[in-house]
């Protein structure tokens, strides 16, 4: 039997949408709740880690949807992302609290949420349920949308600005 390296184990946590749907179905069969969150996760920081830990505590498993590079450019501007999609997904996969990572090319996670139908969709405190276009989809299948507390003082945009100013 061939030994799987630690790096290969990380790569196995990165799923295509069809693999993510199959993973979600397996979790459902096992009676495990699925928490979904999404974002850019360009430069991981304390705020991300706290937020992801809180999200994981809400259910049995946590899957993270990551915006594609093109989506990030549309949302954040031509200078972003700093890190490529594959690198961002690999960094997230390295976190023990994350069970699976996938990506989406749209600006909102509406399609991926429709496909996965997670039990809980989580966003950070800089959002409001009524402002999330995907909330209606989550509510349509009796899922829950939870807004977590915002962690002040941490943002990728602020970190990038600080780096640029230090040049």
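The values are calculated or read from the model by the stated rules, or taken from the named source; none is laboratory data. Keep in mind that what you see is a predicted model, and the values were worked out from it rather than measured. Please note: Cβ atoms are built from the backbone with ideal geometry, for glycine as well, and neighbour counts cover all protein chains shown.
Residues in region 17-25: is at least one crowded, with 17+ Cβ neighbours inside 10 Å, in contact (Cβ under 8 Å) with a residue 40 or more places away in the chain and within 14 Å of the chain's Cα centre (by Cα)? Step through it out loud before you land on a result.
Restricting attention to region 17-25, the residues satisfying the condition of being crowded, with 17+ Cβ neighbours inside 10 Å are 20, 23-24.
Still in the running and in contact (Cβ under 8 Å) with a residue 40 or more places away in the chain: 20, 23-24.
After this cut, where a residue has to be within 14 Å of the chain's Cα centre (by Cα) as well, the list is 20.
Checked region 17-25: at least one residue is crowded, with 17+ Cβ neighbours inside 10 Å, in contact (Cβ under 8 Å) with a residue 40 or more places away in the chain and within 14 Å of the chain's Cα centre (by Cα).
Taking residue 69, is it without any contact (Cβ under 8 Å) to a residue 24 or more places away in the chain, under 16 Å from the mean Cα position of the chain (by Cα) and more than 19 Å from residue 138 (Cα to Cα)?
It is true that residue 69 is without any contact (Cβ under 8 Å) to a residue 24 or more places away in the chain, under 16 Å from the mean Cα position of the chain (by Cα) and more than 19 Å from residue 138 (Cα to Cα).
Please go through region 72-88 and give me each residue that is in contact (Cβ under 8 Å) with a residue 24 or more places away in the chain and either crowded, with 19+ Cβ neighbours inside 10 Å or in contact with a helix residue (DSSP H, G or I) (Cβ under 7 Å, 6 or more places away or on another chain) (or both), ordered by number.
72, 80, 81, 82, 83, 88 - these are the residues of region 72-88 that are in contact (Cβ under 8 Å) with a residue 24 or more places away in the chain and either crowded, with 19+ Cβ neighbours inside 10 Å or in contact with a helix residue (DSSP H, G or I) (Cβ under 7 Å, 6 or more places away or on another chain) (or both).
Could you please find all residues in region 108-140 being in contact with a strand residue (DSSP E or B) (Cβ under 8 Å, 6 or more places away or on another chain), more than 16 Å from residue 63 (Cβ to Cβ), surrounded by fewer than 19 Cβ atoms within 10 Å (Cβ to Cβ) and modelled with pLDDT of 95 or more?
Within region 108-140, just 139 meets the criteria.
Only one of (1) buried (at least 21 other Cβ atoms within 10 Å of the Cβ); (2) in contact with a strand residue (DSSP E or B) (Cβ under 8 Å, 6 or more places away or on another chain) fails for residue 42. Which number is that?
(2)
How many residues are part of a loop (DSSP other than H, G, I, E, B) and in contact with a helix residue (DSSP H, G or I) (Cβ under 8 Å, 6 or more places away or on another chain) when one looks only at region 5-38? Before you say what the answer is, go through the steps one by one.
Of all residues in region 5-38, those part of a loop (DSSP other than H, G, I, E, B) come to 5, 13, 15-16, 30-33.
This time we only want the ones that are in contact with a helix residue (DSSP H, G or I) (Cβ under 8 Å, 6 or more places away or on another chain), so: 13, 15, 33.
Counting residues in region 5-38 that are part of a loop (DSSP other than H, G, I, E, B) and in contact with a helix residue (DSSP H, G or I) (Cβ under 8 Å, 6 or more places away or on another chain) gives 3.
Any residue in region 89-100 that is within 22 Å of residue 31 (Cα to Cα), over 13 Å from the mean Cα position of the chain (by Cα) and surrounded by fewer than 20 Cβ atoms within 10 Å (Cβ to Cβ)?
Going residue by residue through region 89-100, those that are within 22 Å of residue 31 (Cα to Cα) are 96-100.
Narrowing further to those that are over 13 Å from the mean Cα position of the chain (by Cα): 96.
With the extra rule that they be surrounded by fewer than 20 Cβ atoms within 10 Å (Cβ to Cβ), the set shrinks to 96.
So far as region 89-100 goes, yes, one or more of its residues are within 22 Å of residue 31 (Cα to Cα), over 13 Å from the mean Cα position of the chain (by Cα) and surrounded by fewer than 20 Cβ atoms within 10 Å (Cβ to Cβ).
Here is a check on your reading of the model: is residue 80 farther than 25 Å from residue 145 by Cβ, at pLDDT 95 or above and out of contact with any strand residue (DSSP E or B) (no Cβ under 8 Å at 6 or more places or on another chain)?
Taking the combined requirement at face value, the residue does not satisfy it.
What's the number of the condition residue 41 fails, among (1) in a loop (DSSP other than H, G, I, E, B); (2) farther than 19 Å from residue 9 by Cβ; (3) more than 11 Å from the chain's Cα centre (by Cα); (4) in contact (Cβ under 8 Å) with a residue 24 or more places away in the chain?
Result: residue 41 passes all but (3).
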